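Single-structure report; data block below.
The values are calculated or read from the model by the stated rules, or taken from the named source; none is laboratory data. Predicted model only: the values in this text are computed from it and were never measured. In this analysis, Cβ positions are derived from the backbone assuming ideal geometry, glycine residues included, and neighbour counts consider all displayed protein chains.
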Amino acid sequence: MQISPVYNQEGRVANQVIVKRDITEDKRLESIAEAANLMDNIGFIFSSIRHELGNPINSIKVSLSVLESNLEVYDTEAIARFIHRGLSDIRRVEYLLKTLRNFSIFERPDIKKTDMQALLDKLIQLTEKDLAKRYIMLALDLPKAPLYGLVDPRAFLQVLLNLTTNAIAALDETKNRTITISLIHNQKNQITFVFEDNGCGMEEDTVRNLFRPFFTTKAEGTGLGLVIVKKMLAKMNCSITASSQKGQGTRMEIIIPTA
Ligand SMILES: Nc1ncnc2c1ncn2[C@@H]1O[C@H](COP(=O)(O)OP(=O)(O)O)[C@@H](O)[C@H]1O
Ligand SMILES: [Mg+2]
């Protein structure tokens, strides 16, 4: 509804012009579009979960059936092989369920003033053994003055662990394996948190699909790591962008509000 006054010659309000427009139909179409969009996504997510769980479960079924019908003829070694195969499929299902649980764990993050350097110390503690074993160097580029971000430290650490896991995989074939983390107090009074690796990098197409649920280029991947990363960061009012060049490496840039 739009209301405009109509003035008389003395400049007093003599009348009003009211324009009313019925937006019921607009609203209805809008909500249909929204629902259709949501249903599209739900359909896609359900079919992906069905696929991800269905494959290993089917494979367990096959292993057990083969075992059952050959129990008399198989020697211990063959039986052990089938049990081993079944167990590794079960671990795959467990892993997927754990990953899905991570979606809801940080539904309501506990955002507080966080010393970003201290957070990096925690990351180093948790990853240094793994990185050393794979000959990966972790280089830090930090400002002298401490930087305080407004994040949930536990959720943010989870984000960094996910990025580290991806970087480790990307560095598999690289010679001088390096992960570089830089913290910058930017001009908008935010923290620019840069996480880089000099690993295999990605095709443009991969970069475009990076944050899509179940998008993975790995045989054993879930394609959920970066979806969770993005969701957790959004909950903490942070943003993430990725850039990459095939054969050169990958750069993730996170913008964090300061305390
Ligand atoms: N640092 C990286 N370097 C190269 N490719 C990456 C990197 N991080 C992610 N990717 C690509 O993005 C895909 C999706 O990553 P992610 O959501 O963590 O799922 P997953 O690791 O299970 O495949 C990966 O399969 C990989 O192709
Ligand atoms: Mg991953």
Among the residues of segment 238-259, write down those that are within 13 Å of ligand 1 (Cβ to nearest atom), assigned to a loop (DSSP other than H, G, I, E, B) and of a type outside the set (S, T, N, Q). K246, G247
If T216 passes every condition in (1) of a type in the set (V, I, T); (2) closer than 21 Å to E107 by Cβ; (3) at pLDDT below 95 but one, which one does it miss? (2)
Top-ranked residue in segment 205-233 [being crowded, with 17+ Cβ neighbours inside 10 Å and among the small types (G, A, S); ranked as nearest to ligand 2 (Cβ to nearest atom)]: G225
Please enumerate the residues belonging to segment 211-243 that are of a type in the set (G, A, S) and within 22 Å of F156 (Cα to Cα). G221, G223, G225, A234, S239, A242, S243
Residue ID - farthest from the chain's Cα centre (by Cα), chosen from residues in segment 221-259 that are at pLDDT 90 or above and of a type in the set (V, I, T): T258
In this structure, is L142 in contact with a helix residue (DSSP H, G or I) (Cβ under 7 Å, 6 or more places away or on another chain), surrounded by 17 or more Cβ atoms within 10 Å (Cβ to Cβ) and under 19 Å from I254 (Cα atoms)? no
Could you tell me which residue of segment 82-107 is surrounded by the most Cβ atoms within 10 Å (Cβ to Cβ), considering only residues that are in a helix (DSSP H, G or I) and of a type in the set (F, W, Y)? F82
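Considering only segment 197-205, I want to know if a residue exists there that is within 11 Å of ligand 1 (Cβ to nearest atom), small (G, A, S), under 21 Å from Q245 (Cα atoms) and touching a residue at least 24 places away in the same chain (Cβ under 8 Å). Please lay out each step first, then the result.
So in segment 197-205, the residues within 11 Å of ligand 1 (Cβ to nearest atom) come out as 197-203, 205.
Next cut, small (G, A, S) only: 199, 201.
Now narrow it down to the ones that are under 21 Å from Q245 (Cα atoms): 199, 201.
Remaining after also requiring touching a residue at least 24 places away in the same chain (Cβ under 8 Å): 199, 201.
Within segment 197-205, one or more residues are within 11 Å of ligand 1 (Cβ to nearest atom), small (G, A, S), under 21 Å from Q245 (Cα atoms) and touching a residue at least 24 places away in the same chain (Cβ under 8 Å).
Among M202, M116, which is surrounded by 15 or more Cβ atoms within 10 Å (Cβ to Cβ) and within 16 Å of ligand 2 (Cβ to nearest atom)?
On the way: M116 fails: within 16 Å of ligand 2 (Cβ to nearest atom).
Selected residue: M202, the only one of M202, M116 that is surrounded by 15 or more Cβ atoms within 10 Å (Cβ to Cβ) and within 16 Å of ligand 2 (Cβ to nearest atom).
Return the only residue of K231, K188, K235 being among the charged types (D, E, K, R) and within 12 Å of ligand 1 (Cβ to nearest atom). Please lay out each step first, then the result.
Working: K188 fails: within 12 Å of ligand 1 (Cβ to nearest atom); K235 fails: within 12 Å of ligand 1 (Cβ to nearest atom).
It is K231.
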Could you check A132 against (1) surrounded by fewer than 13 Cβ atoms within 10 Å (Cβ to Cβ); (2) in contact with a Gly (Cβ under 7 Å, 6 or more places away or on another chain); (3) among the hydrophobic types (A, V, I, L, M, F, W, C) and say which number it fails? (2)
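Results for (1) at pLDDT below 70; (2) part of a helix (DSSP H, G or I), shown as yes or no for each residue.
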position	(1), (2)
E10	no, no
Q16	no, no
D22	no, no
D40	yes, yes
I45	no, yes
Just wondering, is there one or more residues in segment 166-184 that are within 13 Å of ligand 2 (Cβ to nearest atom), at pLDDT 95 or above, under 13 Å from the mean Cα position of the chain (by Cα) and outside any loop (DSSP other than H, G, I, E, B)? yes
Determine which single condition V159 fails, assuming it passes every other condition in (1) in contact (Cβ under 8 Å) with a residue 24 or more places away in the chain; (2) part of a loop (DSSP other than H, G, I, E, B); (3) within 20 Å of I228 (Cα to Cα). (2)
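In this structure, does D110 turn out to be under 27 Å from S63 (Cα atoms), in contact with a helix residue (DSSP H, G or I) (Cβ under 9 Å, 6 or more places away or on another chain) and surrounded by 11 or more Cβ atoms within 10 Å (Cβ to Cβ)? Outline the logic, then answer.
Numbers: under 27 Å from S63 (Cα atoms): no; in contact with a helix residue (DSSP H, G or I) (Cβ under 9 Å, 6 or more places away or on another chain): yes; surrounded by 11 or more Cβ atoms within 10 Å (Cβ to Cβ): yes.
Here the answer is no, as D110 does not meet what is asked.
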